1. Say we look at segment 68-89 and pick out the residues that are surrounded by fewer than 17 Cβ atoms within 10 Å (Cβ to Cβ) and away from the ligand (no atom under 16 Å from the Cβ); which of these is nearest to the chain's Cα centre (by Cα)?
2. How many of the residues making up segment 109-156 are assigned to a loop (DSSP other than H, G, I, E, B) and among the small types (Gly, Ala, Ser)?
3. In the set LEU178, LEU146, LEU122, LEU174, which member is in contact (Cβ under 8 Å) with a residue 12 or more places away in the chain, within 11 Å of the ligand (Cβ to nearest atom) and touching a helix residue (DSSP H, G or I) at 6+ places or on another chain (Cβ under 7 Å)?
4. Kindly check whether there is at least one residue in segment 37-57 that is more than 10 Å from the ligand (Cβ to nearest atom), over 28 Å from THR163 (Cα atoms) and buried (at least 19 other Cβ atoms within 10 Å of the Cβ).
5. Just name the residue that is surrounded by the most Cβ atoms within 10 Å (Cβ to Cβ) out of those in segment 184-199 that are touching a residue at least 40 places away in the same chain (Cβ under 8 Å) and closer than 26 Å to ILE2 by Cβ.
6. Return yes or no: is VAL34 within 12 Å of the ligand (Cβ to nearest atom), farther than 28 Å from PRO152 by Cα, outside any helix (DSSP H, G or I) and among the β-branched types (Val, Ile, Thr)?
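Where a number appears in this text, it was derived from the coordinates with a stated rule and is not lab data. Model, not experiment: these values are computed from the prediction. Backbone-built Cβ (ideal geometry, glycine too); neighbour counts: all protein chains shown.
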Amino acid sequence: MIFGVLVSGSGTNLKAILDARDERIEVGVVVSNVATAKALDRARSAGVPAVVVDHKAFAGREAFDAAVVEVLRAHRVSCVVLAGFMRLVTPVLLSAFPDRVVNIHPALLPAFPGVHAQRQALAYGVKVTGCTVHLVDAGMDTGPILAQETVPVLDGDDEAALTARLLEKEHAVLPRVLRAIAGGGLTVTRAADPGARPRVGLR
Ligand code: GRF
């Protein structure tokens, strides 16, 4: 399956995906909204097209997403991964890739959504946190959960220490989920009640 990876920053999760490439996982393109993102260098070093789509050049989120969709389609992408992509996506992207937009978040959702999840976890004083891979819906970090891994919060942890421990787990779980999706292992079932959460299966 050809994945398109959207990034904004360092791209360590992108590196994990690039390292996991095999007959199931192909990375067709990496798109960054930030021209200086280190993730772009990682893509180029791996021989993967790296494209900058600067959100500041667009009038709104929808127009930006439309430009991103165009790039993804041009590279024959069928599943989109948000790997440290710091923009909210709109129905323009979601409807172009129904049930095929995946995000990774550094907390056990629904706890600590949004930015600075590690800081939120430390401030709350939880003893266990973790990471979540989920399908993206129109909300912020609200979509159906595909996989979660736990990570202990240790006495004396600061944000950097907790972030590093989380990233180690993220780098393992994200390629695992992508490989399952690429193998046809994802099913999404919607109940008649539009308010009910979709049920997902991943094997
Ligand atoms: C990760 O913690 C991920 O969970 C979050 O943003 C961070 C991206 O890190 N969405 P990196 O760019 O993959 O190193």
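1. Per the criteria, the residue is SER78.
2. Number satisfying all stated conditions: 7.
3. Sole residue among the options that is in contact (Cβ under 8 Å) with a residue 12 or more places away in the chain, within 11 Å of the ligand (Cβ to nearest atom) and touching a helix residue (DSSP H, G or I) at 6+ places or on another chain (Cβ under 7 Å): LEU174.
4. no
5. LEU186
6. Criteria met by VAL34.
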